[in-house]
Structure formats: C-alpha cells, structure tokens
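The values are calculated or read from the model by the stated rules, or taken from the named source; none is laboratory data. Bear in mind that the values here come from a model prediction, so they are computed numbers and not experimental data. Cβ: placed from backbone, ideal geometry, glycine included. Neighbour counts: every protein chain shown. Keep in mind that these areas ignore ligands, DNA and RNA; they rest on the heavy atoms of the full protein, side chains included. Shrake-Rupley method; radii C 1.70, N 1.55, O 1.52, S 1.80 Å.
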Amino acid sequence: MSTELERHYIKVVADHNLEELRDILVSKDSKLSNRFRALFNFKTIAEDKKDEASAKKAIEYMYLTFGDDSELLKHEVAYVMGQTENLYAAPFLRKVMLDAAQQPMVRHEAAEALGALGDKDSIEDLQKCLSTDPHPAVIQTAELALARIQWEHSKDAENEKLQQSLYASTDPAPPLSLEKDFTIDQLKTLLNDQKQPLFDRYRAMFRLRDIGTPEAVSALASGFDDPSALFKHEIAYVFGQMGAPSAVPRLVEVLARMDEAPMVRHEAAEALGAIATPDVVPVLKHYLNDPVDVVRESAIVALDMYEYENSNELEYDPENK
C-alpha cells in the first residue's frame, strides 16, 4: 500500500475502543473501506511504545483477520504488522508465512513484514520458506527479507550515508548509499540486471524513487518488463508512494494486462488511487467488476481514497458499515 493511501486511512480516526475497532475489522458485513480504516487505526495503536498492553492487543486483533476470505485485506494486515516496529508481531507473521493454506500474496507479505521488522529470530523460518515454498514471489520475498535483516544488523547499516526519505514506510531494501554518485542510467541498468542480487536491484529502485525526477520515473517504469511478478509489483508500489502523475499511463497499461499476476495488477490499481488524478477514475471504475477478487477490491479501495481526497469528508461514519 502506498504512503498516500496509508496516510488517507490513518488520518480518518474515529473515537472507538479496541473491541469496537476489532468488530469493524473482522466483520465481513463491514464496508471494505471501513475495515481498512479500522486496520490503520490499529497500526497507530500497535506502534505506541508507551502503552504496551494496548499495542499487543491491537496486534492480536489484527491477526484475527487471517481467517478471512479477502486476500487483499489479509495482505494489507501483514503489511501493517510489519510496519509497526513492534516485534510482538513477528511470531504471528511467521505462522502466516508458513501456512500453506494462505494465498501466495498473503504469505509473501508476511515474509516481507518480517524483513521490515528486522527480526533475527525469524531467520530460520525465512530460510525454511526460501527452500520449501512453491511460489516464486514468496521465495524471492524470503530472499529479500533475509538480505534486509542481514543488512540491518551489519556495519553497513550504521555507516552508509542514506538519503533522508520522504516516505514513512520501512521498505524491503534501503536505497543505495549516497557515497557513490550514480547516474540515472547506471541505476536503470542495475535495476534491470537480472544477474544481480535482487536486494541490490531493489536498492537501485528505492534510490530512483528518492531522486523522483521524470527521468527517474521513466527508468523505474522500465522495470515493468521484468519477468518477476514480485519485482513488478514493487515498481507499482513505488509509483504509488511517489504519487507521480507521469506514471499513470504505464500503470493503466499494467492494470489492463489480464494475464498479469494479480499481485501486480492489484498494486497498479492502488497506485492509481494514490496518485488520484481525475483521469484515473474511469479506469478504476472499469475494474470494479474485474474477475480477480484482489483486483476488484483494490479498485474499490482506490476509488474510496480518490473520493476522500477530493471531498471535504473528515471522518467516516462507523455506523455505516
């Protein structure tokens, strides 16, 4: 989920206790947009280091959603748990990652979340996932998560000079160090070099994101030609973070690829909602009847964000569930 989309849901905070938020989050009768709002309310609670009891309870309540049918919601819950910086979430995420009954997109996000937490206690389970999971995107995510944990607990993490990020997220890899003055063409070459470690290619991706120029957007868009669904989904995620209108045509093209992996198309839809230019509305409405559940639900969420960003709405009505 993009930074803008997350900000949208975090700032719509209703005055509810934890159990009321839980009931909205887990109820299949609740509107999807309200379930997302409850989720991001829980994120702010789980991040609160001053109220450990409530933070733990928020994580426990989020974990309840993994019995739901919605792949999109469960994937988003895993993402949120990884962004909390609360290691109490790690054992729950390990269970989800190794649960063969969960969809690949959900298992992938759980593995990525463990990397975001930098949890060394998850290394053994990530290695198990790397060697046993049947899905390429999950395997690649475990590889990335292991590399990120290794980096985070290395001297490089202490000594590298990184650009101060404009984004609040903990990403699957840090941007490349500022100590080397890469050109955009050099970063584009590394981004697309399939012989290089995936972690290094992601570092080039996030360096291009932080540069943020139209040339950097064009370089990033070249990643949509990669064979890896995981890689392409991350490009779309980055465009949602950037809120780059110049990326809209490529995102529309990716969303229209009916033979593309659902995780890629879903991320393209959410990115369009985060960019929120008027021309994305008819595109997203077209996918409200998409045959793929996670794409259809992503269009719903993206349109919800667009409508909010272009209205005077200040908070949602919890009774309108």
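When the stretch 170-181 is filtered for residues that are charged (D, E, K, R) and either in contact with a Pro (Cβ under 7 Å, 6 or more places away or on another chain) or open to solvent by 40 Å² or more (accessible area, probe 1.4 Å) (or both), the ones remaining, listed by number, are GLU179, LYS180, ASP181.
Of all the listed residues (GLN150, GLN127, GLN140), the sole one being of a type outside the set (Gly, Ala, Ser) and either under 20 Å from TYR237 (Cβ atoms) or in contact with a His (Cβ under 8 Å, 6 or more places away or on another chain) (or both) is GLN140. Scanning the stretch 131-151 for residues that are touching a helix residue (DSSP H, G or I) at 6+ places or on another chain (Cβ under 7 Å) and hydroxyl-bearing (Ser, Thr, Tyr) yields a count of 1. Taken together, SER131, SER169, SER177 contain a single residue that is assigned to a loop (DSSP other than H, G, I, E, B) and more than 15 Å from the chain's Cα centre (by Cα), which is SER177.
Take VAL281 and decide whether it is open to solvent by less than 30 Å² (accessible area, probe 1.4 Å) and more than 20 Å from the chain's Cα centre (by Cα). In short, yes.
A quick yes/no check of all residues on (1) open to solvent by less than 30 Å² (accessible area, probe 1.4 Å); (2) of a type in the set (S, T, N, Q):
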{"residue": "SER122", "(1), (2)": "yes, yes"}
{"residue": "ASP125", "(1), (2)": "no, no"}
{"residue": "VAL138", "(1), (2)": "yes, no"}
{"residue": "THR141", "(1), (2)": "yes, yes"}
{"residue": "ALA147", "(1), (2)": "yes, no"}
{"residue": "HIS153", "(1), (2)": "no, no"}
{"residue": "ALA168", "(1), (2)": "no, no"}
{"residue": "THR183", "(1), (2)": "no, yes"}
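For PHE182, the criteria (1) within 18 Å of ARG209 (Cα to Cα); (2) under 15 Å from the mean Cα position of the chain (by Cα) hold in every case but one, which is (2). Within the stretch 247-261, residues that are surrounded by 13 or more Cβ atoms within 10 Å (Cβ to Cβ) have Cβ atoms under 7 Å from residues that are assigned to a loop (DSSP other than H, G, I, E, B) in these pairs: VAL248/THR277; VAL248/ASP279; VAL254/GLU260, counting only partners at least 6 apart in sequence or on another chain. Taking (1) assigned to a helix (DSSP H, G or I); (2) open to solvent by 10 Å² or more (accessible area, probe 1.4 Å); (3) not acidic (Asp, Glu) in turn, LEU230 satisfies each apart from (2). The listed residues are GLN241, GLN140, and the only one of them that is farther than 24 Å from LEU98 by Cα, among the polar types (S, T, N, Q), in contact (Cβ under 8 Å) with a residue 12 or more places away in the chain and out of contact with any strand residue (DSSP E or B) (no Cβ under 7 Å at 6 or more places or on another chain) turns out to be GLN241.
Go through the stretch 233-246 and give me each residue that's open to solvent by 10 Å² or more (accessible area, probe 1.4 Å) and either among the polar types (S, T, N, Q) or part of a helix (DSSP H, G or I) (or both). Those that are open to solvent by 10 Å² or more (accessible area, probe 1.4 Å) and either among the polar types (S, T, N, Q) or part of a helix (DSSP H, G or I) (or both): TYR237, MET242, PRO245, SER246.
Mind listing whichever residues of the stretch 64-111 are assigned to a helix (DSSP H, G or I), open to solvent by 30 Å² or more (accessible area, probe 1.4 Å) and not small (Gly, Ala, Ser)? Give the derivation first.
Just the residues of the stretch 64-111 that are assigned to a helix (DSSP H, G or I), to begin with: 64-67, 71-83, 87-97, 104-111.
The next check asks that each one be open to solvent by 30 Å² or more (accessible area, probe 1.4 Å); those that pass are 64, 67, 71, 87-88, 91-92, 94-95, 104.
LEU64, GLU71, LEU87, TYR88, PRO91, PHE92, ARG94, LYS95, PRO104, listed by residue number.
With respect to VAL217, is the statement that it is among the aliphatic types (A, V, I, L, M), part of a helix (DSSP H, G or I), buried (at least 20 other Cβ atoms within 10 Å of the Cβ) and out of contact with any Phe, Trp or Tyr (no Cβ under 7 Å at 6 or more places or on another chain) true? Considered against the rule, which asks whether it is among the aliphatic types (A, V, I, L, M), part of a helix (DSSP H, G or I), buried (at least 20 other Cβ atoms within 10 Å of the Cβ) and out of contact with any Phe, Trp or Tyr (no Cβ under 7 Å at 6 or more places or on another chain), VAL217 comes out as yes.
Restricting the first member to the stretch 28-48 and to residues that are closer than 13 Å to VAL77 by Cα, and the second to residues that are open to solvent by less than 10 Å² (accessible area, probe 1.4 Å) and of a type in the set (Asp, Glu), the beta-carbon pairs closer than 8 Å and six or more apart or on different chains are PHE36/GLU76; LEU39/GLU76.
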